[in-house]
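Remarks on the structure that follows.
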Amino acid sequence: MNQLIPIIPFLPLIGFAINGLFGSRLSKTAVGVIGSGALLVSFLLSVMAFNQVAASGAIQVNLYQFFSVGNLSANFGFLVDQLSVWMMLIVTGVGFLIHVYSIGYMHDDEGFWKFFAYLNLFIFSMLLLIMGDNLLMLFFGWEGVGLCSYLLIGFWYTNTEYGKAARKAFIMNRIGDLGLLLGMFMIFQNFGSLTYSEIFAALPNIRLEAGVVTLICILLFVGAMGKSAQLPLYTWLPDAMAGPTPVSALIHAATMVTAGVYLVARFNPLYNLSPDAMHFVAIIGLITCIFAAVIGLRQNDIKKVLAYSTVSQLGLMFVALGMGAYASAMFHVTTHAFFKALLFLGAGSVIHGMGGEQDIRKMGGLRKAMPVTFWVFLIGTMAIAGFPFLSGFFSKDEIFAYTYAHGGKLWWGLAGLGAMFTAIYMCRLLYVTFFGSFRGTHEQEHHLHESPKIMTIPLIILAVLSVAGGFLNTPHFMHLGNDQWLAHWFSAVIPMSEMHLDASTEWTLMTFTTSLALVIIVVSYFIYGKTSNLPVADEAQTGLTRVIANKFYVDEIYDFLFVRPVEKLSKLFHYYVDIQGIDGIVNGVASGVQALGAQVRKLQNGNIEYYLLGMVAGAILLMLTFWA
């Protein structure tokens, strides 16, 4: 099996090379088969790796040494343990379904081959990030997914706004990456290595000041804040909706945005030494969870609602990490990958059927024309809202239980508030889109249709996973025969968190949150499930509602504080340094040489008398020189 491990990430890279170099000359069927086939084989190999890890533990593969300079050496090696192999299954499995879906969704796009090349490169970078056995390889993958997100978000680059969205994602991720780099530097300075096994092995034998450990953890988390869109580095993710919908599913569900959660979970031995850093992680996560959920309440773009939902759910994952419930966070990463990929691809199916329309106020009644899309979207909505025994029900409840046990009633209440908002805006999205009467144009209604099977089959598979995924880690007090299976799976890498709650308390907490979710689902139907209760137009909103609809004007504030000053400063530098300074010097030298040449040229005017005069003058100067 060890020999097959490197094949897992390199198959998508080979798919990228083939489609990137020859895709324009291949048929779309061939391009789709190559791109999707590479992911399918990687997934099957990941399943084999999972079985190997389950049987005999972690797999370590070193291909070659990158370099060795002084005390710093880095290998190109892979670490396939319980944490990384689980992420491999999610990335390749969900990624494969998104690739298959993309064959139908992007079929009429002229950049079809280029799109699949970018998708394959994205998956390669993500696999490199999670499979690397050291921080340097993680950083290569980290930057790789950043580059690919830029290419995919700005895929339709002829649209200026889409290009700006891609640039925004790239720049904001670079801000977070600076924190990650500084954290890496401090780790090497204090541990003398960037390899995970060496860092964690040295922890019991090395004495570090509490401030140093806290600083390292916070710097690593700054990198996670950028990649996983936490406040204040979150505004790139909603704008990333500029990319094709499969890109949104790939970035927002199972891959790029979960890289920050993976990073913190991977370094759990370090975070456990710094309660202050964990508290910081939990605070940022909680604020992000509530803040993004509030914004989602007043969004009318079907993809923007899901985007802010992703930001909020990521915040909930970081709350779990900050509470020390690392396995619970990874459990929610798993269920979120299922239902959020389902929701984004379901939204793509709606957009495909509506001819590109994304405003939910112009939809309505779609459940009749698009029954498959409706049912899978219903399952995804109920899962994220916490409907009993669906995947989100179990993963969210586990996070709430740990939050209550380790943070107290206030933390539990605030986290529950974020979850309540989630149920409200997701039910609003479902009812306004699929219920009532159709509100689009006559032409849209005439062409309204269900998506082809190549798009609906991945949706059905994800719907099944969204239903069954929660049973991977059922709570022990329910005695369903699979108690805490996922937590036990991670236990070799992530120690199981202690939660001192009796069964009656857990039942009470679960009953309360479940009842609240069910009430919201029912009440939302009566509010939004009828055409008489549509979201009002943006210009008609006032007060706090208008502020929320405009996303608290965070983008405008960033634009005023950072973008405009930088643009003005760049214009000043462009004029005074570039044009007046550098260009002025270069052009001045050229003008001087040209003027001098114009004067010297007069000596070569073709008049013999001037030449004779010059010869006589030269002879006289020579004679005077000798006489002197």
(request) Kindly indicate whether any position in segment 555-569 is touching a residue at least 12 places away in the same chain (Cβ under 8 Å) and part of a helix (DSSP H, G or I). (result) yes
(message) Six or more apart or on different chains, Cβ atoms under 8 Å: show the pairs whose first residue is in segment 41-66 and in contact (Cβ under 8 Å) with a residue 12 or more places away in the chain and whose second is of a type in the set (Asp, Glu) and not in a strand (DSSP E or B).
(response) Val53/Asp81; Gly57/Asp81; Ala58/Asp81; Ile59/Asp81; Gln60/Asp133; Asn62/Asp133
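State which residue is modelled with the highest pLDDT when the search covers only segment 539-552 and only residues that are under 19 Å from Ala293 (Cα atoms) and surrounded by fewer than 12 Cβ atoms within 10 Å (Cβ to Cβ). It would help to see each step written out before you state the result.
To start, the set of residues in segment 539-552 that are under 19 Å from Ala293 (Cα atoms) comprises 541, 543-552.
Adding the requirement that they be surrounded by fewer than 12 Cβ atoms within 10 Å (Cβ to Cβ) leaves 543-544.
Numbers: Gly543: 80, Leu544: 85.
Top of the filtered list is Leu544.
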(message) I'm told Phe191 meets every condition in (1) among the aromatic types (Phe, Trp, Tyr); (2) free of Cβ contacts under 8 Å to residues at least 12 places away in the same chain; (3) farther than 30 Å from Thr235 by Cβ except one. Can you identify the failing condition by its number?
(response) (2)
(message) Tell me which helices (runs of 4 or more DSSP H) are completely within segment 181-244 and hold 2 or more residues being in contact with a strand residue (DSSP E or B) (Cβ under 8 Å, 6 or more places away or on another chain), or say none if there are none.
(response) 196-202
(message) I'm trying to understand the selection: among the residues of segment 338-365, which are touching a Ser or Thr at 6+ places or on another chain (Cβ under 7 Å), in a helix (DSSP H, G or I) and farther than 11 Å from Thr245 by Cβ?
(response) Phe338, Phe339, Lys340, Leu342, Gly353, Ile360
(request) Determine, yes or no, whether Ser248 is open to solvent by less than 10 Å² (accessible area, probe 1.4 Å) and either under 20 Å from the mean Cα position of the chain (by Cα) or not charged (D, E, K, R) (or both). (result) yes
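Per-residue answers, yes or no, for (1) over 21 Å from Thr456 (Cα atoms); (2) of a type in the set (Gly, Ala, Ser); (3) open to solvent by less than 10 Å² (accessible area, probe 1.4 Å); (4) touching a helix residue (DSSP H, G or I) at 6+ places or on another chain (Cβ under 7 Å):
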{"position": "Gly93", "(1), (2), (3), (4)": "no, yes, no, yes"}
{"position": "Ile98", "(1), (2), (3), (4)": "no, no, yes, yes"}
{"position": "Leu119", "(1), (2), (3), (4)": "no, no, yes, yes"}
{"position": "Phe124", "(1), (2), (3), (4)": "yes, no, no, yes"}
{"position": "Ile130", "(1), (2), (3), (4)": "yes, no, yes, yes"}
{"position": "Trp142", "(1), (2), (3), (4)": "yes, no, yes, yes"}
{"position": "Lys164", "(1), (2), (3), (4)": "yes, no, no, no"}
(request) For segment 144-161, name all the residues that are open to solvent by less than 10 Å² (accessible area, probe 1.4 Å) and polar (S, T, N, Q). (result) Ser149
(request) Could you list all residues from segment 485-522 that are open to solvent by less than 80 Å² (accessible area, probe 1.4 Å), farther than 30 Å from Leu429 by Cα and in a helix (DSSP H, G or I)? (result) Leu486, Ala487, Trp489, Phe490, Ala503, Ser504, Thr505, Glu506
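Residues of segment 101-117 being among the hydrophobic types (A, V, I, L, M, F, W, C) and either within 18 Å of Ile153 (Cβ to Cβ) or surrounded by fewer than 23 Cβ atoms within 10 Å (Cβ to Cβ) (or both), which ones?
Start the filter on segment 101-117 by keeping residues that are among the hydrophobic types (A, V, I, L, M, F, W, C), which leaves 103, 106, 112-113, 115-117.
Listed by number, the residues that qualify are Ile103, Met106, Phe112, Phe115, Phe116, Ala117.
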(message) Can you tell me which condition Val600 does not meet? The list is (1) touching a residue at least 24 places away in the same chain (Cβ under 8 Å); (2) exposed (fewer than 12 other Cβ atoms within 10 Å of the Cβ); (3) among the aliphatic types (A, V, I, L, M), and all the others hold.
(response) (1)
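The values are calculated or read from the model by the stated rules, or taken from the named source; none is laboratory data. The model shown is predicted, which means the values in this text are computed figures rather than measured ones. Neighbour counts are summed over all protein chains in view; Cβ atoms, including those assigned to glycine, are modelled from backbone coordinates with ideal geometry. Keep in mind that these areas ignore ligands, DNA and RNA; they rest on the heavy atoms of the full protein, side chains included. Shrake-Rupley method; radii C 1.70, N 1.55, O 1.52, S 1.80 Å.
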